[in-house]
Each structure stands twice: as C-alpha cells, then as structure tokens.
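Report on the following structure.
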Amino acid sequence: MLQIKCPFCGKRDQTEFSYGGDGQITYPALNADEDSWHDAVFLRQNIYGRQIETWQHSHGCRSWLLVERDTVTHEIFSVELAHGDWQKQVEKNK
Amino acid sequence: MKSERINNVLHPPEITEDLIHFYWNRKKYFARKGDSIAAGLLANNLNIIGRSFKYHRPRGVMSAGVEEAGALVTIGFGARTEPNIRASTTELIDGLHIYSQNAWPSVKHDFGSILNFLGRFFAAGFYYKMFMGVPPFEWGRGTRIWMFFERFIRKAAGLGKSSRLPDPDYYEHLHTHTDILVIGSGPSGLQAAISAAKTGKDVLIVEQDYIIGGSFLNQQDKKELEEQEKLLKKLGVTILTHTTAFGLYDNTTVGLIEIIPSEGRKDLDKKPRQRFNICRANNVILATGAIERVYAFINNDLPGIMSVNSARAYLNRYGILISKNIVICTNNDSAYETAIELKNAGAKVTILEIREQIGDILLRQISGTGINLLLGSGVAKAEKGFNNSTISRIKIVEMTDKGWRYAGTLFCDCLLISAGWSPVIHLASHQNFPINWNEENACFTSFGDAKSVFLVGSAAGIWQQKQCINSAKELFKYNSKQKYKPSLITGGWEKPIAPLYEIRLASIKGKAFVDPQNDVTTSDIRLAHQEGFISVEHMKRYTTLGMATDQGKMGNIIGIALMADALNCSISQVGVTRFRPPYTSISLGALAGRNRQSHFKLIRRTPFNKFSLNNNAVMINSGLWQRPWYYPVQSETLDSAYIREATITRKSVGICDISSLGKIMIQGPDTTEFVNRIYTNSFNSLPVGKARYGIMLRDDGFVFDDGTTWRLANHCYLMTTTTNNASSVMTKLEELLQVRWSNLNVQITSVTDQWGGCAIAGPNSRNLLSKIVDNPVEISNESLPFMGVKQISIQTVICNIARISFSGELAYEIYIPSDYAHSIMELIWSRAQEFDSCLYGLEALGTMRIEKGHVTSAEIDGRVTIEDIGLGRMASMNKDFVGGVLKNRKALTHSHRPQLVGIFPKHKNKSFKVGALLNEAGRLNGHPIGWVTSVTFSPALGHWIALGFIEGGLNLIKGKNIVLSDELRSTFLDVDIVSPHMFDPEGSRLYG
Ligand SMILES: [Zn+2]
C-alpha cells in the first residue's frame, strides 16, 4: 500500500486518498479552441517512471495534491498542495 | 515406520497434566501438550495422513514446517471445519478432531488411488488437452467431453472440503505501527530484535509457530534460547506468536495474520478467530530462515520419507524418535549433526553421501559413533512394504565416471533427505527485490532493498548459527548516515554442497515428484519443455508447479533445475518465478474482517429515518443512503402504495424526505463568477432570494449533474446536487478551485448532513405550510413566489425554504437543521392530518417526475448531451462554462442523436419495463433506434408511461410506427412517441 505524506495531515494510507489524474496537464481557458480542449481532456502519456499526478486527500483534509511518483517502483518523491498559494504558505511555516 | 517417544532428561516421562487427547478420524488417541498435530500423529504411529491431490497416493508427514505437502488435514467439524491445515505447524489442542482428506472409504484403502495407474491421463496440461478432444480421432472435441468428465474430476481432484455453513466466528482487522518489524524468531530474528531494541527502537517480532525459537527449538541445548527470550522481554519487545507475515507490500507495509489459539477461546463467540494485522514498519528484517530441500527420485513421496531437519525437530522438540532404522541421504554438511543425535537416541543410522569426500572435521565427528557412511552414494527409488504403504527399502546408486550406477537394495523404514537449503525469500520476491542464484550454495538469495528491508541469517544464505547471529548484530552497527552493506559471506560449510536435483536411471521407472502438494512429477516438467513451455513462468502455470498454497516452498528449485537441464543452460539463466502473496494460505474471513453483512458498506440514514420507520416506511438502498421507498397502508403492495401516494399528492398534499440530495455551501467574493463557470446557464443575473435550476457538464461536454442552486446572499449560494453525484460534484468543485482556478476566492463546504430536506408538494402545500411556519405571511404567493428562497422560522427554528417543484405541483423544499428535523417533521405530519395528505416515497417521487419529464440519473447516465435531454436552451451563448467547448464537437451536435422523449403504449391497458428497446415497426432485428430509461404507471394519465431516448427525437420520428421490444420478457408493443412533458406541459399547476 502506498503511503502519501499530506502536507497538512502527515503520512497517511493510500486508502484515504483518491487518484485524480495526470498532474502535468495545463487546462486551457474555458473559451480556448476545440483542439486544445481535446488534447487536454483526451491525450495522456503512459509514463514508465517518474510522473506527476493529482491525488485528493478525500478522507482527510480534502486537499488536492501534486504527487511525484514512480509508476514502476511506486516510490513517491514529493507531495505538494496543488493550490499554489497554500503550498507557499505551508513552506513559509516550515 | 515405527516412531516412539523417548524418555530422556530433556523429555521427562509423561505426567498427567501434559497428557492431552485428540480424535483422528473419530478414534481417540493421546499426545503431549505442545505437540503439533503431526507430532501427535507420529507419536501414535499414524503414518498415512492423507491422499495426494491428483493421484490419490498415500502421504505421510514430510516435514516439521510450513513446506508440508503431505500431512494436510481437516480439523474441527460443522461450521468450524477447517480444511487443508498443515499438521506440521498447527498446535494440537486437547480434544481436537482431526480428519484425513481426499480419501474414500478410508485413508488406508482409498478408491481413488486407481488414478495413480491412470497417471498418464493426468499429466501436465491434462485439462487443457481435454478441451481439444482425445486423440487419435479427436473424440469428443470441445466442451461435451469436459462436461461428461467434469463431475468425476471435481470429485477426485483436490484436497479437503470446507464447510458450507455460515462462519459462526468473527475476524478482526488491526493496524500496527512500529519502528522495526522482525519476521521470524529463530537465532537471527531474536538477535535482530534484541539489537534493534537496544538502539531504543520500538520493535515487533512475529513468529508463525505457536512458540518462539525457530531452529533453536530443534536443538538439544535450549539454554541460549532461554537467555535470548529473557533479554527480549526485558527490552520490552512486542512478541506475536501464531502470526504469519504473509505479504510484503509497498512502503514496508506487511500483512500479518494472527491465528487466535482455540485454547484461549473457551468463550468462542466473544473472541475473534483470526486477526488481520496491517503492520506499517519503518524497517523490516526478514529472519525467515531456510527450508531444507529434497530431490527427485522415484517414489520420493512415500510415507516415511522426510527432510533431515524435520527428524531433528521431532526428536528434540517433541521427543519422538522417528524410527529405529534410518537412512539419511545428503549432499551437504548440515545433516551430520542430526545423524549423530538420532544415533545417540538409539537409531541405526546409515548416511548415503552424494559427495565423494567430506571434510575432516565432519569425519572426526562421526567416527566412533557407529554411523555407517557410504560416500558417493544416493537413492534412486524408494519402495513400500508388502503389507503397508510406508517405505521399507530403497534402491541405492553409486557415483561412477559415467554417472550413477545401481548398487543394490537397502532395507530401512525411514529415509531422511537433505538436498540443500532454500532461503525463504518469498517476501523479498513479493516486492520484486533482486534475487540472485548463489552458485556456491546452490540457492537463490536476496538482500532485500538494503534500504528498509533486510535479510539476515539463513534467510540470507548463511548456514552456521553463529554467523547467522552475527549477521543480525552487524545490521545495527550502521547508523543512519552509513550505508548498510551486507558482508557477502554466505554459506559456511566445511566442504561445499554438491548440487543435486534428481537421480534418474533409465532402468528404474516410476513417478518422481517435484512438487508433491500439486502432484507435479519430473516427467510433467519434461513434457512441458517438450511442448514448448520454455519460460519458467509458463512452465509454472502449465504444470501447476509451486502454485496455490505451496508457493514454491518445496519443489520450485528442482523444477527450475530440470528446466535448466532440458534447456541446456544454467539455473541463473532460467531464473526464478516471482512469488505471490500470501506466503501461506489465509482465510477469506480474515481479509473481510468485520466488513460483512450489514457492515459490508456504510449505511447513511437521513434525519427523518426514525420518523419514516415509525410511519411504516419500506426503505430502499439508494447508493449508501436508506431512503423511504413507499409507505404501505395495512397490507398495501408497492404498486398500490405509490399510485395512492402520487394521487393524493396531486390532489391535495404529500410530504417526502429529500435529505439525500447533495447540499454544498459556496461562499466568498468570487462565488458568482465560480457558479457561473460551473453551470451552463447564467447565474450572473440570479437575484438574492431566488433559486435557479442548473445543468453542469463534464470537461468532455457531456451532462454531469443537475440541481437547483439558491442565492442566499450576495456572496453565498446553496447548491443542491442529485443524490448519486453528491460526492463527485463536491470533488470536482474542489479540484477546480484548488488545481485549476486557484485565483478564485471561493470556499465550499458540504452541508448535506447538516440539513434534513423535506418536500411538501400538492395544491394544499401552502395551506399546510401556513399552519406550520411561525409567520404565515412570509410564505404567501407574493412573499415567496415561484423559485423564491428565504429563511423562515418554524417553532423558532430557522429553516431554509424554497418554492421549487420536482413533482410539477405547487411545492416547497424545506431544509431543517438536522437536530430539529425529526420533531419538526412530526409537527408537519400532525398538521397534515387536517388535509387529505400522505407521506410519499422514492417510487411516487419517480412517478411524478416521469409524468413531468424531469430527468434523473437514469437519463443522465454520462452519455447524454444537454441537447439530448432537451435542455439545449439552457446552454448560454453569452458566457464560457465547463464543457462548453467540447459539447459542440461534431458528433455531439448531430441531429440524429438519440433524444429524450415520452412513450405511451397504443393500447392503454398494456404495461412494460425499463430496458426495453425501440425499433421501427417491421425492423425488429438489428440495431435499435432507441431505448427506455424510466417506466411508471401514471395515476394522472391513467396508463403506463415511460421516458426514453430515440434517434432524432420527436421531430424525426413523426409519422413512423414504433415498436417497443423487450426480447427477454417477450413483450412487443406498439407505442406512441410523445413529448417528455407528459403531464401539465404548460406548468400551470406550479403556481397553485
Ligand atoms: Zn490531508
């Protein structure tokens, strides 16, 4: 079982989290053209190795997280809050 | 084979307190406290314990450990029957009932043993080939022959039978956290735990056996064990016996199963039977030991043949001399100590040494003991006696320049084998840590990941006890800054092992077993190779070698060696199959724990639950929620109840629990902008004190959810969602706010559980409400118009009320603080008695919304666009919203897409069901042009009606004859396709 270190709650079991998706997608503006929306919604890399993915601490503080994880070894390298301002705040309070 | 108890100083004569009894196939026997089942059976000279998996060959005790493949028994009876119990590792409890398995009429005279002579039909791949027909004419090709033979095969193959009765016991889940988890309590494990505890760490040591000690227990001198045990307790190390670490998972999470000894369970109903313990450790030390191997020779599965070390265990741990006429066949140094001990205990011992030379120290040790040593010799075949099924003589071979040569017969009634040792690396294999073939010691070894998982002792391929203990000490010499490097000194014998996996002579025929538990023979392996299964993973699956409960403990290496031989390559080139959890079999009950029956999933009850039950509600599961389905009066059926409830509601007034709708509070300066981006329709213009129905799409442009959102204040909205999507909408909104739109200053909170929701619907709803609210003026048509929202007080409790309608009647939704919900509902219901009124459930709610053509999750199933459900006009052209771009994709705007319609049967007395298809008359075959999503009897219209989708919708279907077909129920009806707004399409009733 994976254990993910939530910046707010600490190290918790994978069962407390739900997987979101590819964390490296930059979603286009709501009025962007169809092609960029198509790419953002449907095109995914199938990464062998390190990838950034989103997870939500759904049975905890409900933060959305950016998790860098190895898809082969399941090793987790970093966990950050997806909300940039919150992450900065957490780092400042360290 | 004749075993006997020895009464020496270490094992004083039986005293009555030590005497226990048990039943073997219903006959009473006696044993000693502390015996394993196998020890108890052996002490009573019960040598044939079971019949084998495929060939029904008689099997006896083959080991004293988890690798046991012969002595598998069933214990207990009735609902507490446990099949396939390893007699070698299970404690014999006073009064235990033990039964033999897979034998009829008895284990000594088993009818199924005839299968032994039909062996060629049961070779590797038998089941696969069966489907391909029997050569030479491919007779019975296909499933027919399988179906013919199946009942015989199912009866004959297999092991014990489990009980069909419900499990009367319960099982617990436990979560354990520790700094260091040590698995195995032999010399290395105990030392590792002690060294770890001395560094101040929190240490847990687990042992699958019912007492700690591991290989210490098999030795005559137990002083060292006693000292280590004392130290362990002094250091406060937690010890769990009866506990198997069955799997190693990510992040050094270890699955433990603790079998609660039945001894301490006089009160059977109050204690769990097993504990599934999920242990999270910072470091895991595998001190799991090694398993002594046998090798393949003809009849190597006869009762009376076991590993050398198990004879030592029975001698020193249980005080049983296994036989007085013993032959030991070995290729390594480890067997000699046992040989001497057996000799001293009074047995005649002959050693057949595969090697042509042994070391001087070893020679000195056995000289003068009276042990007969034959160098360069081995066993090629074991044979049973004339009037019993146990071993009585062996065919021995000697080594020549040209290989093995037959060298005569030797009589014995017990044969002990040591063909080397296999470190237990299963848990390292679970995590795919590197595993290497150690040529010198003829075994696979692993060092874990050398970061958080380490192997010590014989689990790391170290053979001498002293070095094993040192390897455990060494682990803690390194502090966190130094990297641990295992000293790669494995082995430790005076002279190296002579690798041996099989002795085969062309002149001697018979079955030689590789994996006795699955009845896999050497010829199965060769056949698999011959048929092209050259990868070791394929070979494993084709032959079933090392599969299932065995997990390669016994025969894996022999199988791999034979494969390497057939492929003419080295064992390291063939490689090892990956072991899978569980290491030993575990019961499903333990994995389920308490999450069974009503605890299988959560139950969510609304604040009106008690009220509904008090009023005779029949409940229905709706997701996790328990919702009132209908409220039968006396013996009313569902159908008559919902028809009555819908009728009374449309005629006068009905009350419904709608608490399960998702409720999300949205606040903050950017709230209006946020809500406006979520919904397809505009919320910019929604004034405070008003609600609006909204549709939200997914990114891909399909409809996600719908609901009303109430503007309570300038920067405060209450969003309602469908029951189904409450949590996914919440998750989506959080994702948008945190991941994509973190610049919006908006806070959202789920308040679903904080408010009890109650719909009051029908022409009398306002009249009823005015008798309930503290100030009736507040709910007048002027003060609370259609889609109006406000706070009102009921018995001074502040509630939120909105004049919105799902039923199409004049209706209100009141959200009452959950703590007051029950009592206010009772007030409402008591005042409702002044009217023709009813409580209505989910079924009547559904009826009224179908009549009105309102969609729910039956229609919004993730495949429909906003146009498909006829709400295209709600997609604003003047603003951007989620899904707004991709909803306009070409295929999603095609005019032939299935669209929401209403469906009437042409013959008004006909009924039909959900799931039926719609076709054009005369074209019932092929792809349908539509389908039915919701069906109800409409009390308002007086006949059955439905909602569904049909290609092109109402416009394109005009003039065509449509047939509703339900092939499964043989229903074929002519239907009229109508507008989905089947009742009161103008909505005049909304305004009362
Ligand atoms: Zn958290």
Selected residue [in a loop (DSSP other than H, G, I, E, B) and either surrounded by 17 or more Cβ atoms within 10 Å (Cβ to Cβ) or modelled with pLDDT of 95 or more (or both)] from A:32, A:40: A:32
Among (1) assigned to a loop (DSSP other than H, G, I, E, B); (2) surrounded by 16 or more Cβ atoms within 10 Å (Cβ to Cβ); (3) modelled with pLDDT under 65, the one test that residue B:137 misses: (2)
Unique residue being touching a Gly at 6+ places or on another chain (Cβ under 6 Å), of a type in the set (A, V, I, L, M) and outside any loop (DSSP other than H, G, I, E, B) when the list is B:352, B:342: B:352
Yes/no for residue B:327 being modelled with pLDDT of 95 or more, more than 30 Å from residue B:520 (Cβ to Cβ) and outside any helix (DSSP H, G or I): no
Scope the range A:59-82; condition in a loop (DSSP other than H, G, I, E, B) and either within 11 Å of another protein chain (Cβ to nearest Cβ) or within 13 Å of the ligand (Cβ to nearest atom) (or both); matching residues: A:59, A:60, A:61, A:62, A:63, A:72, A:73, A:74, A:75, A:82
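Every residue, every condition in (1) buried (at least 20 other Cβ atoms within 10 Å of the Cβ); (2) in contact (Cβ under 8 Å) with a residue 12 or more places away in the chain; (3) farther than 30 Å from residue B:795 by Cα, yes or no:
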residue: B:735; (1), (2), (3): no, no, yes
residue: B:747; (1), (2), (3): no, yes, yes
residue: B:753; (1), (2), (3): no, yes, no
residue: B:758; (1), (2), (3): yes, yes, no
residue: B:764; (1), (2), (3): yes, yes, no
Any hit, the range A:15-28, residues being aromatic (Phe, Trp, Tyr) and over 25 Å from residue B:750 (Cα atoms): yes
Scope the range B:871-906; condition in a loop (DSSP other than H, G, I, E, B) and in contact with a His (Cβ under 9 Å, 6 or more places away or on another chain); matching residues: B:885, B:889
Yes/no for residue B:458 being within 20 Å of residue B:188 (Cβ to Cβ), assigned to a strand (DSSP E or B), touching a residue at least 12 places away in the same chain (Cβ under 8 Å) and among the small types (Gly, Ala, Ser): no
Residues (within 10 Å of chain A (Cβ to nearest Cβ) and over 37 Å from the mean Cα position of the chain (by Cα)) located in the range B:728-744: B:741, B:742, B:743
Criterion (in contact with a Cys (Cβ under 9 Å, 6 or more places away or on another chain) and either within 23 Å of residue B:465 (Cβ to Cβ) or within 14 Å of another protein chain (Cβ to nearest Cβ) (or both)) met by exactly one of B:245, B:196, B:192: B:245
Scan of the range A:1-14 for residues that are away from the ligand (no atom under 13 Å from the Cβ) and surrounded by fewer than 16 Cβ atoms within 10 Å (Cβ to Cβ), ordered by number: A:1
Filter result (closer than 22 Å to residue B:648 by Cβ and either β-branched (Val, Ile, Thr) or not in a strand (DSSP E or B) (or both)) within the range B:916-955: B:935, B:936, B:939, B:940, B:941, B:942, B:945
Residue match in the range B:975-982 (condition: touching a Lys or Arg at 6+ places or on another chain (Cβ under 9 Å), within 30 Å of residue A:37 (Cα to Cα) and either within 14 Å of chain A (Cβ to nearest Cβ) or not β-branched (Val, Ile, Thr) (or both)): no
Filtered residue count, the range B:859-890, keeping only those that are more than 12 Å from every other protein chain (Cβ to nearest Cβ) and within 40 Å of the chain's Cα centre (by Cα): 7
Only one of B:682, B:728 that is surrounded by fewer than 18 Cβ atoms within 10 Å (Cβ to Cβ) and not in a loop (DSSP other than H, G, I, E, B): B:728
Leading residue by the ranking (farthest from the other protein chains (Cβ to nearest Cβ)) among those in the range A:26-52 that are closer than 17 Å to residue B:735 by Cβ and among the β-branched types (Val, Ile, Thr): A:52
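For (1) among the basic types (Lys, Arg); (2) in contact (Cβ under 8 Å) with a residue 40 or more places away in the chain, each residue gets a yes or a no:
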| site | (1), (2) |
| --- | --- |
| B:497 | no, yes |
| B:505 | no, yes |
| B:509 | yes, yes |
| B:512 | no, yes |
| B:515 | no, yes |
| B:520 | no, yes |
| B:532 | no, no |
Residues (touching a helix residue (DSSP H, G or I) at 6+ places or on another chain (Cβ under 9 Å) and touching a residue at least 12 places away in the same chain (Cβ under 8 Å)) located in the range A:22-32: A:23, A:25, A:26, A:27, A:28
Checking residue B:703 against (1) surrounded by 22 or more Cβ atoms within 10 Å (Cβ to Cβ); (2) hydrophobic (A, V, I, L, M, F, W, C); (3) more than 24 Å from residue B:888 (Cβ to Cβ), the condition it does not meet: (3)
Members of the range A:20-29 that are under 17 Å from the mean Cα position of the chain (by Cα) and surrounded by 12 or more Cβ atoms within 10 Å (Cβ to Cβ): A:20, A:21, A:22, A:23, A:24, A:25, A:27
Residues (surrounded by fewer than 14 Cβ atoms within 10 Å (Cβ to Cβ) and among the charged types (D, E, K, R)) located in the range A:51-78: A:75
Qualifying residue in the range A:39-51 (condition: under 12 Å from the mean Cα position of the chain (by Cα), farther than 30 Å from residue B:876 by Cβ, in contact (Cβ under 8 Å) with a residue 12 or more places away in the chain and within 16 Å of the ligand (Cβ to nearest atom)): no
Hey, residue A:17 of a type in the set (Phe, Trp, Tyr) and either more than 16 Å from the ligand (Cβ to nearest atom) or within 11 Å of another protein chain (Cβ to nearest Cβ) (or both) or not: no
Test: residue B:359 is in contact with a Gly (Cβ under 8 Å, 6 or more places away or on another chain), within 29 Å of residue B:447 (Cβ to Cβ) and either in contact (Cβ under 8 Å) with a residue 12 or more places away in the chain or among the aliphatic types (A, V, I, L, M) (or both): no
Strands (runs of 3 or more DSSP E) (entirely within the range B:379-445) containing at least 1 residues that are within 47 Å of the chain's Cα centre (by Cα) and crowded, with 19+ Cβ neighbours inside 10 Å: B:391-400, B:414-418, B:421-423, B:435-438
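The values are calculated or read from the model by the stated rules, or taken from the named source; none is laboratory data. Quick caveat: nothing in here was measured; it's all calculated off a predicted structure. Please note: Cβ atoms are built from the backbone with ideal geometry, for glycine as well, and neighbour counts cover all protein chains shown.
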